[in-house]
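First comes the structure, then the notes that go with it.
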There are 2 protein chains.
Amino acid sequence: MELGKTAYVILGMLGKQPMSGYEIKAKADISTRFFWAISYGQIYPELKRLEQAGLIAGEDEAGSGRGKRVYSITPPGREALHAWLTDPGELQSELRHEGVLRFFFADSLDHDERLALLASIRAKHKRIQAELAAIEPGASAHAAETGDRLVLLTLETGIAYQQFFVDLCDRLERRLAEESDQTTGED
Amino acid sequence: MELGKTAYVILGMLGKQPMSGYEIKAKADISTRFFWAISYGQIYPELKRLEQAGLIAGEDEAGSGRGKRVYSITPPGREALHAWLTDPGELQSELRHEGVLRFFFADSLDHDERLALLASIRAKHKRIQAELAAIEPGASAHAAETGDRLVLLTLETGIAYQQFFVDLCDRLERRLAEESDQTTGED
DNA sequence: ATCACCATGTAAATCGTTACATGATTAT
DNA sequence: ATAATCATGTAACGATTTACATGGTGAT
């Protein structure tokens, strides 16, 4: 039985603690979202499939609200999770970045338009970085409580990743300025 | 008429010079692929759609091989390309990175397994970086010929991007080593 | 001859997002 | 009361990949 990466996001989340589908989404939105996003449209059907496969077990929580269903990882689920985490095969990775794509095709733009594009890219990554920074205190506290430091390290990775693009825009802007110096007076 | 990003990759490529679908794929594979991949399954149907919309014009090249069809961008196509390049709306960007995802869930792994994961991530990005470095001489020559420097800058961006992950793995490895020092002798 | 590469194209499958429907609980 | 949040779920749509089918041309 082949599992998609999204199944492992769910399995990984349940490996940390039992949760409902709604809680998985909430946790993912402040952590894995920045390097592997998931949506409700995937979560609920996948939870059913994983339960049928015996990798997780769901239990209806009585009383509180509308029938909330909390899932826990089973021993076979933990095995599957471990197998994935240590799988020596090729790691999937994919970037779809409209900003860099536009820059690649920006030859036909004038100087100001190019600068505006870089400013727009930088603004976007700064905004996401601020979002991540806002999460950090909570993640820090969580790390101290549970001893799970990787969550915090991963968050710092996310912040550094955004910073890469901010720095990139600065660098590219400087490069464009140099080129424009060289051609000043020519056209 | 709404165009997907993939349509703009094609339009952007044809904005640089007239090409066949096959050539678009070949060019994309050594340039945009690393931040926006496209496949034949998208290219050929999209070329037809763009031609019907009047944004590109195809011409059958007689003689050479099986009916090769070379497309050129039209003035309305150039307008659409410019409109996209300067669109002030939100820039799409998305990362799906299995390596970082696994690291986030690596709490259940032992020390050696975690190191192996980091080594695997580093190896992957070094490999892609080497691929990109191999392309650089050609891109340099192209920049000198056509005066289009952005293609080269974008390639350098790709190389720096891979380096980010290499550095990241180094940093994370050091962090793990520090933690393991602290706990030595405890368990 | 046979392999690599040029070249076009489609069908099926997979993956993922978005929008919608529904309804309870809790805080203001 | 009413807004926000908790909570589950599905249908439709869109995007993308993969595998397949086809056949020419040029080099070894």
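Every read-out reported here was derived from the displayed coordinates using simple, explicitly stated rules and does not represent laboratory data. All values reported here derive from a predicted model rather than from experimental measurement. Reconstructed Cβ throughout: ideal geometry from the backbone, glycine too, with neighbour counts over all protein chains shown.
Points worth noting:
- When the helices of the protein assembly as shown are scored as -39500 (n - 2.57) per DSSP H run of n ≥ 4 and the total is divided over every residue, the value at 222 nm lands at -22000 deg cm²/dmol.
- Relative contact order (percent, whole number), chain B, Cα cutoff 8 Å, 6+ residue spacing: 18 percent
- For the protein assembly as shown, size of Cβ-based charge dipole, Lys and Arg +1, Asp and Glu -1, in debye: 940 debye
- Global form of region A:3-98, assessed from the alpha-carbon gyration tensor, a/c cut-off 1.5: oblate
- Dipole of region B:1-125 [Lys/Arg +1, Asp/Glu -1 at C-beta], most positive-end residue of B:F103, B:I43, B:S20: B:S20
- Long-range HN-HN contacts of B:M19 with modeled amide H, under 5 Å: B:Y71
- Remark: chain A carries a charge dipole of roughly 940 debye about the Cα centre, counting +1 on each Lys and Arg Cβ and -1 on each Asp and Glu Cβ.
- In terms of surrounding Cβ atoms within a 10 Å radius of their Cβ, B:Y8, A:Y71, B:Y44 rank from fewest to most as B:Y44, B:Y8, A:Y71.
- Degrees, to the nearest 10: B:5-16 long Cα axis against longest axis of chain B: 60 degrees
- Degrees separating the helix B:75-85 axis from the principal Cα axis of chain B, which is the longest one: 20 degrees
- Rounded to the nearest 10 degrees, the inclination of helix B:40-52 to the longest alpha-carbon principal axis of chain B is 30 degrees.
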